[in-house]
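As structure tokens, the structure follows; a few thoughts come after it.
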């Protein structure tokens, strides 16, 4: 009994002592003092650039859209189901990782903007604004109307301001995208007052003049994207030409995330090396063969890792689109799934040229368009060679003996001859059609450009044309499904998602849809 009374008195004594402790001390007891809670904007920017390249541009979105546009064929697991439209194109789990990563990149880009503004670092702020615009476009292009204005907003403690952010209309999101780019163009005229971004900018090393060219290039891309909603197509095509004139003048200026090596892997290579889920596309091979395109001898390998010379090769065996068997190490593959060190391109020089050629076609300036298209095809073939070379010199593949290169590289002179003899007659017959087909072929590779190809096909469908022939007999997905992290938590997104079948029936707003 004495011991019990003693314990009660001790507890009572503590109850008198505790209030005398400083509230600040008590608040500090459970704080994590071992990890940084605040960092300069340049460190956050490096994360935004890396995540955007690896996860958002070159990751799952690129892999799935490569199957949808028939750059590749899915032959195993998720990609087989996507190829055969067995759940994956409409399932909320399909692109949930990308859905989350896009919002994370947006949140961090906005943080770069606010921190840079506070530090009077205008160049870093402008870069942050470009990346906010870029990720916002990726988000709405793929998913349509999405949470945006209320999404990524946080309280002072970092928790979300809105647990169920409202869905914004795509046209409003695009208005914000252009606002970001216009503000970036203004801010990039300034300087970083202190602690410039430099080596933490993995694309241009803090060169504001090159980021400025990217901003104008993106304005050209997005202006063309909205052609179906244009109030004056000729005026908008003139805008595209103006923006292009202020963008890249060579492939050396294009926005390339070129940091991949033996341990930091190109995302297409990373996916194939771990999953072996992609095979060569019959559709893609047919298009190259029909034009006697020299890229056909460079772009495919067989199961023994030997480069194929073309359709007459005895081991020529691409996978049939939409009718492939679920089997690995069976069909040919593209060379690009081995391009371990190929850069991811946020915006390429050849895309800028294709945008210029398309604008000139739509303005009926056909002779000029033909000259620009020739430049675009030569630039695209040069990029194809960069991708092929990355496959032939892939460090991991070399450890296993490497790919057997059996053909010569396509030179600029050969590319020019190919245009003159193979492309120009088709261009003369139908300028816009051949321009878009050549752009489609150019986006085949390891550069992460299949999503842009998917966007092109959908905006053309919105105009009632299908210049690129797709042979998969299954339904074509007109958009991507919302991520299940929001279809299970946000009532607005859950209602918009329904059973997911809308992906086959409802185009996004800029492709002629309502959402």
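Quick note: the coordinates plus some simple rules give every number you see, no bench work behind them. Here the structure is a predicted model, which means the values were calculated and not measured. Note that each Cβ is placed from the backbone with ideal geometry, even for glycine, and that neighbours are counted across all protein chains shown.
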Problem set entry | Over region 451-515, relative contact order from alpha-carbon pairs under 8 Å, at least 6 apart, % | 37
Problem set entry | Matching label, Cα extents along the principal axes in Å computed from the structure shown, candidates (1) 102, 50, 44; (2) 68, 56, 42; (3) 90, 54, 49 | (1)
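Pairs of alpha-carbon atoms within less than 8 angstrom and 6+ residues apart define the contacts here; what relative contact order does region 267-462 have, in percent? Provide the component values of the computation, followed by the final result.
On the way: 270 pairs, mean separation 49.9, N = 196.
Across region 267-462, relative contact order equals 25 percent.
Would you order 142, 131 from fewest to most other beta-carbon atoms within 10 Å of each residue's own beta-carbon? Intermediate results must be reported in sequence, preceding the final value.
On the way: 142 24, 131 29.
The order, fewest Cβ neighbours first, is 142, 131.
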Seminar exercise, completed: Contour minus Cα-Cα span, residue 430 to residue 408, at 0.36 nm per residue, comes to 4.8 nm
For this session: With label points built 7 Å along Cα→Cβ from the Cα atoms of residue 329 and residue 289, find their separation and express it in nm.
Result: 2.7
Seminar exercise, completed: Computed from the beta carbon distance with a Förster radius of 30 Å, FRET efficiency for residue 186 and residue 371 to the nearest 0.05 stands at 0.35
Problem set entry | Residues of region 372-405 with amide N under 15 Å of the 7 Å Cα→Cβ point at residue 417 | none
Exercise. Ranked highest first by average number of other Cβ atoms within 10 Å, how do 178-185, 484-491, 253-260 line up?
Worked result: 253-260, 178-185, 484-491
Seminar exercise, completed: Residue-normalised 222 nm signal for the chain, counting each DSSP H run of n ≥ 4 as -39,500 (n - 2.57), nearest 500 deg cm²/dmol, is -15500 deg cm²/dmol
Exercise. Residue 466 to residue 506: FRET efficiency via 1/(1 + (r/R0)^6), r the Cβ-Cβ distance, R0 22 Å, to the nearest 0.05?
Worked result: 0.80
Exercise. Along its principal axes, what span do the Cα atoms of region 267-462 show, with the longest given first and each in whole Å?
Worked result: 51, 35, 29
For this session: Just rank 47, 145, fewest to most, by other beta-carbon atoms within 10 angstrom.
Result: 47, 145
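Can you tell me the length gained on complete extension of the stretch residue 275 to residue 312, counting 0.36 nm per residue apart and subtracting the Cα distance? Kindly include the intermediate steps, with their values, before the conclusion.
Working: separation 37, 0.36 × 37 = 13.32 nm, distance 2.90 nm.
Stretched out fully, the residue 275 to residue 312 stretch lengthens by 10.4 nm.
What is the chain's relative contact order, in percent, from Cα pairs under 8 angstrom and six or more apart in sequence? Write out the running numbers ahead of the final one.
Numbers: 900 pairs, mean separation 105.3, N = 515.
Normalised by residue count, the contact order of the chain is 20 percent.
Exposure proxy check: 308, 398 ranked by fewest other beta carbons within 10 Å? Write down the numbers at each step before the final one.
Numbers: 308 26, 398 13.
The most exposed by this proxy come first: 398, 308.
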Problem set entry | Residue-span extension gain [residue 263 to residue 178] - 0.36 nm each, minus C-alpha spacing | 27.0 nm
